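This structure is in structure tokens; I'll ask about it shortly.
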Amino acid sequence: MSLTGVINGTVILPDRLISSGMVLWESGRLSYAGPERRVRRGLQLEDAAGGYIAPGYVDLHVHGGAGADFMDSTADAVMRGCAAHLRHGTTTIFPTTTTAGPALLLEMIDACRAAADLQKRNDGFSTIGGVHLYGPYFAAEKSGCHDRAACRAPESVEFERYFQSGLVRVATCAAELPGAVEFYRAARRRRCLVTCGHSNASWTEMRLAFRAGMRHVDHFWCAMSSVPSIRQRLGTPMQGSMAEFVLMEREMSTEVIADGCHLSPELLEFAYRMKGPDRLCLVTDCNRALDMPPGDYIFGHQQSGTPFSSDGKVGRASGGGLASAIVGMDHMVRQMHANTTAGLPAVVRMASLTPAERAGLQRKTGSLEAGKQADVLVLNRRLQIRRVFVGGRLMHQSAD
Ligand SMILES: [Zn+2]
């Protein structure tokens, strides 16, 4: 069945809703998004049944799902993780590395390339937007649930091999590490979204990083510096941290894990009001426990990763700290909508157009705009996923 559009739903645009709307596409590209209008007979149109028609979600920061971690580094594991998130509305995904040795990181990037090729061969389109080179360039004291022993400073002989793959689109490094500025410059040359994460950086280090091209901070409030942490590190006078730098510098974007377990409602509201919907992204930071029963799992590579347990709501490390999320982007969208004053266009923008813009993919996907790839979701009124289209092809439909 080759559908060519969706009718009878509220269309979610980045800045407004269109009730009684429709979207149409041709050869995988959107040709219309707006109020319902007459179309030529014979078109096969999906009925949104009074629900919502939304752009496919874009996830910049995600580790796996359905039992697979992207660091398992086989095409099969990557495909499994992508398919799991597709069922939760993610049509553009950035498989994210953990801290690990160079051989495993290269294997992971190769596996993502193989999976992207397989997806294109089978369906004409790939959901993989690129790799997020996240670990290993973390500050050891901010390693979180990542293997601390594998944290290290960036060296060009190592990171240039990752960049040469052409697949890295998001690149993270802690700003205080020696070599960070060189890493940021190299990542900017490759047109990556350049980000600082798992870091105890001071204001001064952030300013140097910003000059070298850093424009984003991973999961705000999680594994990042604060005024007290900088005071502990550098003494008095107290100095600004990553938090103040992101809040004060308009060009900086960041992301929140809105699963209801990492951040309280007032912090979600604070982040939204301070940065606005064009600088705040929703990410899942989801691990392999997505859609799996509660129990014990490994964060990162199946053999060499870190153990954690899932209680069915969130991942927990052995010390009791959080070990990343276990829910999909559809959950983040519902949570953000229920817990903040952000309207639906803003909430969906933070899960689609804003991350697409930050990763430089906004001409291709991220909103329902003529000319873009037909990455389209049909949601019910409770914002649950009913249908998922990638490049105009129906890739998932919910059971009922
Ligand atoms: Zn993290």
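Residue 364: which lysines have alpha carbons under 20 Å from its alpha carbon, excluding same-chain residues fewer than 8 sequence positions away?
Cross-link targets: 120, 372.
Report the antiparallel proportion of the DSSP beta bridges in the chain as a percent, rounded to a multiple of 5.
Values: 37 of 63 bridges.
Looking only at bridges with both residues in the chain, the antiparallel portion is about 60 percent.
A further question follows. Just to check I understand the Karplus step: with θ = phi - 60° and J = 6.51 cos²θ - 1.76 cosθ + 1.60, what whole-Hz values come out for the stretch 140-152, glycine and proline as x?
Once rounded to whole Hz, the list reads 4, 6, 10, 6, x, 8, 7, 4, 5, 5, 8, 5, 7.
Place the peptides 114-122, 272-280 in order of packing, highest mean first, counting for every residue the other Cβ atoms within 10 Å and averaging per peptide. Provide the component values of the computation, followed by the final result.
Numbers: 114-122: 16.1, 272-280: 18.9.
Going from most to least packed, we get 272-280, 114-122.
Add +1 for every Lys or Arg and -1 for every Asp or Glu among the other residues with Cβ under 14 Å from the Cβ of residue 299, and state the total. Walk me through the intermediate numbers first.
Details: positive: 148, 288, 316; negative: 69, 72, 147, 285, 296.
That works out to -2.
Using a cut-off of 14 Å between beta-carbons, work out the net charge of the residues near residue 332 (Lys and Arg +1, Asp and Glu -1, residue 332 not included). If you can, show how the numbers build up before the last one.
On the way: positive: 313, 334, 349; negative: 59, 255, 259, 285, 330.
With Lys, Arg at +1 and Asp, Glu at -1, the net is -2.
Rank the residues 267, 353 as a footprinting-exposure proxy: fewest other Cβ atoms within 10 Å of their Cβ go first. If you can, show how the numbers build up before the last one.
Details: 267 16, 353 26.
Least crowded to most crowded, the residues run 267, 353.
Here is a follow-up. List 270, 245 from most exposed to least, where exposure is judged by having the fewest other Cβ atoms within 10 Å. Spell out each step's value before the answer.
Numbers: 270 17, 245 24.
Fewest-to-most ranking of 270, 245: 270, 245.
Can you work out the Karplus-derived ³J(HN,Hα) for every residue in the stretch 44-50? Use 6.51 cos²θ - 1.76 cosθ + 1.60 with θ = phi - 60°, whole Hz, and x for glycine or proline.
Values, residue by residue: 9, 10, 7, 9, 7, 6, x Hz.
Give me the percent relative contact order of the stretch 57-363, please, defined on Cα pairs under 8 angstrom at least 6 residues apart. Write out the running numbers ahead of the final one.
Values: 711 pairs, mean separation 58.9, N = 307.
Relative contact order here is 19 percent.
Hey, can you grab everything whose amide H is under 5 Å from the amide H of residue 173? Only 5+ residues off in sequence or another chain; H modelled, so Pro and N-termini drop out.
195, 196, 197
Choose one of 287, 320, 60: the residue whose Cα lies farthest towards the positive end of the charge dipole of the stretch 57-363 (beta-carbon charges +1 Lys, Arg; -1 Asp, Glu; about the Cα centre).
So the residue we want is 60.
Just round it to a whole percent: the fraction of Cα-Cα distances in the stretch 104-241 exceeding 25 Å. Working shown, then result.
Numbers: 2803 of 9453 pairs.
Tail of P(r) above 25 Å: 30 percent of Cα pairs.
Relative to 2.2 N^0.38 Å, what does the C-alpha radius of gyration of the stretch 1-149 come to as a ratio? Two decimals please. Mind dumping the intermediate values first?
Details: Rg = 19.2 Å, N = 149, 2.2 N^0.38 = 14.7 Å.
Normalised Cα radius of gyration, the stretch 1-149: 1.31.
Still on this model: Nearest 20 debye, what's the magnitude of the dipole of the chain about its Cα centre given +1 on Lys and Arg Cβ and -1 on Asp and Glu Cβ?
On the way: 44 positive and 39 negative charges, 235 e Å.
Around 1140 debye, computed over the chain.
Amide H to amide H under 5 Å from residue 396: which residues, 5+ apart in sequence or cross-chain, H placed 1.01 Å off N in plane?
Hits under the 5 Å cutoff: 388.
First check a/c for the stretch 57-363, with a ≥ b ≥ c the square roots of the eigenvalues of its C-alpha gyration tensor; if it is under 1.5, answer rounded, and if not, answer prolate when a/b is larger than b/c or oblate otherwise. Before the final figure, lay out the partial values.
Values: a/c = 1.31, a/b = 1.15, b/c = 1.14.
Judged from the Cα gyration tensor, the stretch 57-363 comes out rounded (a/c under 1.5).
Under the Karplus relation 6.51 cos²θ - 1.76 cosθ + 1.60, θ = phi - 60°, what is the ordered set of whole-Hz ³J(HN,Hα) values for the stretch 298-309, x standing for Gly and Pro?
10, 8, x, 4, 3, 8, 9, x, 9, x, 8, 10
Read-outs throughout are calculated quantities, based only on the coordinates presented, and are distinct from any laboratory measurement. Quantities reported herein were computed from a predicted structural model and do not represent experimental measurements. Every residue, glycine as well, gets a Cβ built from its backbone with ideal geometry; the counts of neighbours run over all protein chains shown.
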